[in-house]
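The values are calculated or read from the model by the stated rules, or taken from the named source; none is laboratory data. Since the structure is predicted, the reported quantities are computational estimates derived from the model, not experimental observations. Reconstructed Cβ throughout: ideal geometry from the backbone, glycine too, with neighbour counts over all protein chains shown.
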Amino acid sequence: MKNNKDKNYLDYIPVRNSEYDWGIVEDGIVEISVVNKGFFNLIAQKFFKAPKISKIKLDEYGSIVWKAMDDKRDIGDIAEEVRCSFDDEEKVFYSRLIKFFQILKENKFIEYKES
């Protein structure tokens with residue numbers, strides 16, 4: 001994305017990272033499986049019994065948004081679909097939604113493609 005400052009964040013299309021498996025557990029909650037790779041993770045697994053796979057459970061709202069992503073719709077379209085599931089004021093809803101997508105991107109759970 002070259003001109004990030006010129007582009008509206010709601011126009012980004014989130015794409016799930018295919019390196020991570022995910023599924024739906026109890027009550028519709030999304031659980032993302034992260035394989036702990038690398039030298040330091042191997043040491044932690046051997047000596048401190050750290051898990052080989054970490055299970056990341058999203059909260060209710062995060063799960064709703066995650067399930068709404070389809071690699072075709074932009075964040076604005078997803079927001080319209082899931083808006084009724086959130087009790088927040090509109091301003092709070094959008095700032096919370098954008099922060100959620102930023103966290104997903106920072107943790108490499110998603111990437112963005114051009115719309």
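Against the numbered list (1) within 16 Å of LYS108 (Cα to Cα); (2) touching a helix residue (DSSP H, G or I) at 6+ places or on another chain (Cβ under 6 Å); (3) loosely packed, with under 15 Cβ neighbours inside 10 Å, ALA50 comes up short only at (1).
For the residues TYR12, TYR61, TYR20, the requirement of being among the hydroxyl-bearing types (Ser, Thr, Tyr) and under 18 Å from SER115 (Cβ atoms) singles out TYR12. Determine if segment 19-34 includes at least one residue that is assigned to a helix (DSSP H, G or I), modelled with pLDDT of 95 or more, within 13 Å of the chain's Cα centre (by Cα) and of a type in the set (A, V, I, L, M). Within segment 19-34 (the criterion being assigned to a helix (DSSP H, G or I), modelled with pLDDT of 95 or more, within 13 Å of the chain's Cα centre (by Cα) and of a type in the set (A, V, I, L, M)), the answer is no, since none of the residues qualifies. The criterion of at least 3 residues that are surrounded by fewer than 18 Cβ atoms within 10 Å (Cβ to Cβ) and either aromatic (Phe, Trp, Tyr) or over 15 Å from the mean Cα position of the chain (by Cα) (or both) is met by the following helices (runs of 4 or more DSSP H) wholly inside segment 57-115: 75-82, 90-106.
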